[in-house]
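Here the structure comes first, spelled out in structure tokens, and everything after it is commentary.
Each reported figure results from applying straightforward, stated rules to the coordinates on display, with no laboratory input. Every value quoted in this text rests on a predicted model; they were computed, and no experiment measured them. So basically every Cβ, Gly included, is an ideal-geometry build from the backbone, and we count neighbours across all protein chains shown.
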Amino acid sequence: MGSSPFDSWITNDDEVTSLLAQEWDRQTTTLQLIASENFASPAVMAATGSVLTNKYAEGYPGRRYYGGNQVVDEVEDLARRRLTALFGADHANVQPHSGANANVAVYQALLEPGDTILAMRLDQGGHLTHGSPASITSKWWNFVSYGVTPRSDDPDNPGELIDFDNVREQALAHRPKMIVAGATAYARRIDPASFREIADEVGALLMFDSAHVAGLIAGGSHPNPVPYSDVVAFTTHKTLRGPRGGAILCREEYAKKIDMAVFPGQQGGPLEHAIAAKAVSFKEASLPGFSVYTEQIVANSKAFAAALAGEGFRNVSGGTENHMVLVDLREFDAELTGKVAQEVLDRAGITTNRNTIPDDPRSPFITSGLRVGTAAQTTAGMKEGEFATIAALMACALRQRDDEAAIIQVRNDVAALCSSFNPYATFTK
Ligand code: DSN
């Protein structure tokens, strides 16, 4: 097992050093296809591991509860300025520790307990914070939902797209105080203008949850929801390629309420080391090369979807327009569940996650689908040809899942492929 370039930072803890080296190996010798993951840059990781982790800074720049925040104020102001400039927003809050925190803070800021929120159904692509019975969100607010259009066999109109007639019907029937656009397992563009039109029709606020596609928006590959939305909330570590964390953009009129809901409403001391890393990633996302990166992400997804279809998999909605492909496994193999596929692919060095597909007959723990994403391996330099190879390796492993020698062969082929695309190859020890 190799050591990682970060090992030298840890001099007195053999156990953690060893675990970091193991994870370094895993990330650089196997394929990372979780749609919500990426490889952050060395600069982002350096800021995350910086002295800013030592500082308490409850409050906001210029209004802190502790002393010694002169530098921290500049860091957080820089992050806010870079973020508002990146998306053309009035106001930014960069303190949310995660996307879930950001979403709950938005609801807390702009709604009363018991208010109605219209969001995407979980089993059709929505997120836990869009009203899952297991989430605190469904206990505090009254969620109603919209879904996708039925699947069709017409190749020109395969269905499984956000059903805007259903969004409008539900909005008219329930008169929600807020409509949430955005998804966690949906491979198509989400049109913010159509959501705005419906929100205006019923007098609802519009929140756009762009956790997955924030990077695609920053790179210009997807439409910017900011001009259409009252609030946009997202994570910083998916396609945006920053540190783990969340952020919120809003119109000036909501700025004070949003800030109050994040701190002191939801959180205590902000993670200023993560905020510095967010600032780094916002700068990286503003550079011309980032658009080239996001265009390649989408091109890779399209090539991946086509190659998966060629191997006999069915792509939900017939394809993709973003960084992910949602695969229905049943046409490839009626017996194969998402759970088994994920486990087999793990053994073969291909990291994916099982996922429900619209109207999935199996439970969310078993599932009939698999979600795969291209953002991380695109960062590592892979292009369309490599994603066609990955589709073939996946099919090979899943077809021969009971043959251990075949799985080992795929794992070796994966390692050979990864050896030419190490995302941290430029690091020196
Ligand atoms: N865990 C994220 C995802 O994978 O989409 C959502 O929270």
Expected output is a single nm value to one decimal: the length gained when fully extending between N412 and A173, i.e. 0.36 nm times separation in residues minus the C-alpha distance. What is it? 80.5 nm
Of the candidates P227, V292, Y66, the farthest towards the positive dipole end of the chain (Lys/Arg Cβ +1, Asp/Glu Cβ -1, centred on the Cα centre) is Y66
From the phi angles alone, apply the Karplus equation (6.51, -1.76, 1.60; θ = phi - 60°) to the range 233-246 and give each ³J(HN,Hα) in whole Hz, x where the residue is Gly or Pro. 10, 6, 9, 9, 10, 8, 5, 6, 6, x, x, 4, x, x
Give the long-range amide H neighbours of N355: residues separated by 5 or more places, or on another chain, with amide H under 5 Å away, using H modelled in the peptide plane at 1.01 Å from N. G369, L370, R371
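For every other residue with a beta carbon closer than 15 angstrom to the beta carbon of L172, add +1 if it is Lys or Arg and -1 if Asp or Glu, then tell me the sum. Provide the component values of the computation, followed by the final result.
Values: positive: R168, R175, K177; negative: D163, D165, E169, E197, D200, E201.
Combined, the nearby Lys, Arg, Asp and Glu give -3.
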For K55, give me every one of the lysines with a C-alpha distance below 18 angstrom, ignoring sequence neighbours fewer than eight places off in its own chain. K278
Compute the distance in nm between two label points, each set 7 Å from the Cα along the Cα-to-Cβ direction, one at A46 and one at D191. 4.5
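Take each uninterrupted DSSP H stretch in the chain, measure its Cα extent along the helix axis, and return the ones at 20 Å or beyond whose mean Kyte-Doolittle hydropathy is at least 0.5.
Numbers: long enough: 14-29 (22 Å, -0.98); 70-87 (26 Å, -0.07); 272-286 (21 Å, 0.06); 288-310 (34 Å, 0.55); 384-399 (23 Å, 0.98); 404-419 (22 Å, 0.73).
The qualifying helices are 288-310, 384-399, 404-419.
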Per residue of the range 141-156, in order, report the coupling 6.51 cos²θ - 1.76 cosθ + 1.60 (Karplus, θ = phi - 60°) as ³J(HN,Hα) in whole Hz, putting x for Gly and Pro. 10, 9, 8, 10, 9, 10, x, 9, 5, x, 5, 10, 8, 6, x, 7
I need two numbers for the chain: Rg to one decimal and Dmax as a whole number, Cα atoms only, in Å. 21.7, 64
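Taking the Cα centre of the chain as the origin, how large is its charge dipole in debye, to the nearest 20, when only Lys and Arg (+1) and Asp and Glu (-1) carry charge on their Cβ atoms?
Details: 37 positive and 51 negative charges, 153 e Å.
The dipole of the chain has a size of about 740 debye.
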Extension length gain for N422 and K283 (0.36 nm per residue less Cα distance), in nm, is 47.7 nm
Restricting to lysines and to Cα separations under 20 Å from K302, and discarding same-chain partners fewer than 8 apart, the set is K238, K383
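Compute the semi-axes of the equivalent ellipsoid of the range 158-264, taking the square root of 5 times each eigenvalue of the Cα gyration tensor, and list them largest first in whole Å. Please report the intermediate quantities before stating the final value.
Working: eigenvalues 102, 77, 24 Å².
Working through the eigenvalues yields semi-axes of 23, 20, 11 Å.
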Residues in the range 101-134, backbone N under 20 Å from the label point at R63 (7 Å along the Cα-to-beta-carbon vector): list them, ranges by number please. 102, 105-111
